[in-house]
1. Assess whether residue 104 counts as being in contact (Cβ under 8 Å) with a residue 12 or more places away in the chain and more than 23 Å from the chain's Cα centre (by Cα).
2. Can you pull out the helices (runs of 4 or more DSSP H) entirely within segment 1-92 that have at least 1 residues that are closer than 23 Å to residue 111 by Cα and modelled with pLDDT of 80 or more?
3. Only one of these conditions is not met by residue 50: (1) over 21 Å from residue 29 (Cα atoms); (2) surrounded by fewer than 13 Cβ atoms within 10 Å (Cβ to Cβ). Which number is it?
Amino acid sequence: MLDRHVVRCAMSTGTDNSCDVSLRCCHVQLAGLLMLIFGIIAKVDQQAIADIFSAILPSSSQEELDSIGVNISGIIVSNATFMIILGVIALVISVLGFFGACCMWRWMLVLVS
C-alpha cells in the first residue's frame, strides 16, 4: 500500500513523484492481470495448465512431485476462482491508484492508500 508521504508528494505540483505512484500501480496492474488471465485459463481449459507446467518443469521434478503425490496443475485448477477474484481486486485498486496519480485526483489516492 501507499504511505501518506507518497500520496502527499504525488498531490504536490511540480514534482515527478506521481510517476513513482504510477509505476507502483503498474506492477500491481500487471500482477492482477496475470492472475486474472491465469485463473480464467485454468477455469476454461484445465489441460492447458497441465501442459504449461509440463513444459516449465523438468521431467525429474515432475517425477519427484508425482512420487510424493503433489499435482500442481490440480491445485491451480481448484483455486482458479480465488485467483480470478484476487486478480480483479488487485486490478481495480491499481487502476484507481494509477489514474489518481496521473490525473491528480486526491480521492482516488486516498482510497488506494
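1. Against the criterion (in contact (Cβ under 8 Å) with a residue 12 or more places away in the chain and more than 23 Å from the chain's Cα centre (by Cα)), residue 104 qualifies.
2. Working: elements: 4-11, 17-44, 46-56, 59-68, 72-78.
Where helices (runs of 4 or more DSSP H) fall fully within segment 1-92 and carry at least 1 residues being closer than 23 Å to residue 111 by Cα and modelled with pLDDT of 80 or more, they are 17-44.
3. With respect to (1) over 21 Å from residue 29 (Cα atoms); (2) surrounded by fewer than 13 Cβ atoms within 10 Å (Cβ to Cβ), residue 50 is out only on (2).
Yes/no matrix, rows are residues, columns are (1) touching a residue at least 60 places away in the same chain (Cβ under 8 Å); (2) surrounded by 14 or more Cβ atoms within 10 Å (Cβ to Cβ); (3) in contact with a Cys (Cβ under 7 Å, 6 or more places away or on another chain):
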position	(1), (2), (3)
28	yes, yes, no
35	no, yes, no
63	no, no, no
74	no, no, no
85	no, no, no
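The values are calculated or read from the model by the stated rules, or taken from the named source; none is laboratory data. The model shown is predicted, which means the values in this text are computed figures rather than measured ones. Positions of Cβ are backbone-derived with ideal geometry, glycine not excepted, and every protein chain shown enters the neighbour counts.
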